[in-house]
Structure formats: structure tokens, C-alpha cells
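Undergrad: Got a structure for you, written out below as C-alpha cells; questions coming shortly.
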Amino acid sequence: MSVAYLPLASFSFAGSITPGPNNLMLAASGANFGWRRTLPHLMGVVLGFMFMLTVVSAGLGAVIREMPTLHDILRVAGGAYLLYLAYRIATAAPAKSDGRGKPLTFLEASLFQWLNPKAWAMALTMPASFMAPDPAGGTLDLAVDVGMMLAIHGPISLACVATWTLFGIAIGRFLAEGNRRLWFNRAMAALLVVTVYWIVAPG
């Protein structure tokens, strides 16, 4: 086993707790739909990224690094989808108003990880930085290393995204008055648009 445990835990926490598309959307969902309806979205983020990390660690990451055009395509597609999600958040109808609002499903959140540039950055960095490039024991050691990496990252990621969801829930009552919820949703959408600029901007 060659995983660097403490550095990996630190990286996982920093990458999972800082603002990004997943956390912004979970905060918005928590504020609009509450814990129970946001839970499938939350678990889709955690388990979807863990599956993505497994696939990347098993070899897809090396393929992506050798094909910069494919990486650019994923980056642009991710930016376009984030714009769609920003529109969806900005126009969301809160669950308590007329019932038209709809949070992301488990599957939608899981699949979104493959278009999430922050998820790609973490998935490509983690195995390259915290695992041996050529495990001495071959496939078995690789499987053990990936398993340990998932065991460390999973609980940390779950705690971080739950924190953002609970943050959204905590301010949900404050947002219930007047047009506060509308402006909150628009602010979250605007932050996602800023994220898109960061993704597609050259350099």
C-alpha cells in the first residue's frame, strides 16, 4: 500500500469543502428543498465522484492526459451544462410555494461529475499525487491503493457536501420572507456562471 494518508486527507478536505459547482448547487437545493429531497443529489455527488475516481485511477486518467483535445471537449461541455444548471437554479420554484421545484436526482448528480471540471481536476490529481505510479504488486496493489484512497476520501467528501447542504437549510427560513429566496437563487446561479468563466477562460 503506497497511499499517502495524511496528505490525501488534507487534499480531500480542501478540495471538497471549498466552493465549487457541487457545493453551490447543494446549498441552493438545501435552501429550496430541505434535507430529505436534497439527499439523493448529495449521495449522487459523493458516490458519483468515487466511481469516477475509481475509473480514472484504473487508467482513464492517463488517456485523458494524452488527449488534450478530449479534455477541452469535456471542459466546454461541462461549462455548457453548468450554464443550464445556473438557469435551472435561477428559475427554481421553491418546494414550499407551488410544488413545481425539482431537485437534482441521484443519477443526474452522479452523471454531472463527468462534466464537472473541479471533479476532473481532483480525480486526475489524486492518483497522480498520492499513489505510486507502478505498484509493486501489480493489479492487486493497485486495487488496494484505490480502495484505501476511496476509504479516506469518501467520508471526508460526505461530511463536506453535507455541511454545504446544511448551510443552505439553515438559511432557508431566513429566505422564506419576501423575495429573499429568489435573490439567493439568482446569486447562486451567478456564482455558477462565474465558475463557467473560470473553466473556459484561456490560460
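Undergrad: Restricting attention to the range 176-184, does a residue exist that is in contact (Cβ under 8 Å) with a residue 40 or more places away in the chain, under 16 Å from PRO21 (Cβ atoms) and aromatic (Phe, Trp, Tyr)?
TA: no
Undergrad: Moving on. Go through the range 2-23 residue by residue and tally those that are of a type in the set (Ser, Thr, Tyr), surrounded by fewer than 19 Cβ atoms within 10 Å (Cβ to Cβ) and in contact (Cβ under 8 Å) with a residue 40 or more places away in the chain.
TA: The qualifying residues number 2.
Undergrad: Which residue is modelled with the highest pLDDT, if the candidates are limited to the range 57-95 and must be surrounded by 14 or more Cβ atoms within 10 Å (Cβ to Cβ), of a type in the set (A, V, I, L, M, F, W, C) and not in a helix (DSSP H, G or I)?
TA: Restricting to residues being surrounded by 14 or more Cβ atoms within 10 Å (Cβ to Cβ), of a type in the set (A, V, I, L, M, F, W, C) and not in a helix (DSSP H, G or I), the top hit is ALA92.
Undergrad: Mind counting the residues in the range 1-56 that are closer than 20 Å to TRP120 by Cα and in a helix (DSSP H, G or I)?
TA: 33
Undergrad: How do the helices (runs of 4 or more DSSP H) wholly within the range 98-203 filter down when requiring 1 or more residues that are within 15 Å of the chain's Cα centre (by Cα), at pLDDT 90 or above and crowded, with 22+ Cβ neighbours inside 10 Å: which remain? If you could, list the steps in order and put the result at the bottom.
TA: On the way: elements: 106-112, 117-130, 139-175, 180-200.
In the range 98-203, 106-112, 117-130, 139-175 are the helices (runs of 4 or more DSSP H) which contain 1 or more residues that are within 15 Å of the chain's Cα centre (by Cα), at pLDDT 90 or above and crowded, with 22+ Cβ neighbours inside 10 Å.
The values are calculated or read from the model by the stated rules, or taken from the named source; none is laboratory data. Only a predicted model underlies this, so the values are computations on that prediction, with no experimental measurement involved. When we count neighbours, we look across all protein chains shown, and the Cβ atoms used for this are built from the backbone with ideal geometry, even at glycine.
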